[in-house]
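*Asks:* Got a structure for you, questions after.
What follows is calculated from the coordinates using simple rules that are stated; it is not laboratory data. Nothing here was measured: the structure is a model prediction, and the numbers come from that model. Ideal geometry is used to build each Cβ from the backbone, glycine not excepted, and the neighbour counts take in all protein chains shown.
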Amino acid sequence: MQVTAISTPRYPEWRWRITGYAGETVEESHAGFPTIAAAVAAGTERLVSMSVVERSDSTPPAWPARFGRR
């Protein structure tokens, strides 16, 4: 899992978002933070307290074999 900081024009304060390696959102903060660093720090604290096991498949799909090329 990873923590990222997000901000949008509609909500300009920084918020943290916890996502799985497959890209699904696990949790997002409702509170805003003044800096990226503050948002990521708070999100990291939350991630550590969650004790969640990552179960998404982060392995990229294998490329198909290309016949006739060496």
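*Asks:* Restricting the search to the stretch 14-23, which residues are closer than 19 Å to E45 by Cα, of a type outside the set (F, W, Y) and part of a loop (DSSP other than H, G, I, E, B)? Can you show your working first?
*Replies:* Taking the stretch 14-23 first, the residues closer than 19 Å to E45 by Cα are 14-21.
Within this subset, residues satisfying the condition of being of a type outside the set (F, W, Y) are 15, 17-20.
Selection gives G20 alone.
*Asks:* Step by step: first the residues of the stretch 27-53, then only those that are among the hydroxyl-bearing types (S, T, Y) and either in a loop (DSSP other than H, G, I, E, B) or in contact with a Phe, Trp or Tyr (Cβ under 9 Å, 6 or more places away or on another chain) (or both), then the one that is nearest to E13 (Cα to Cα). Which residue is that?
*Replies:* Across the stretch 27-53, the extreme among qualifying residues is T35.
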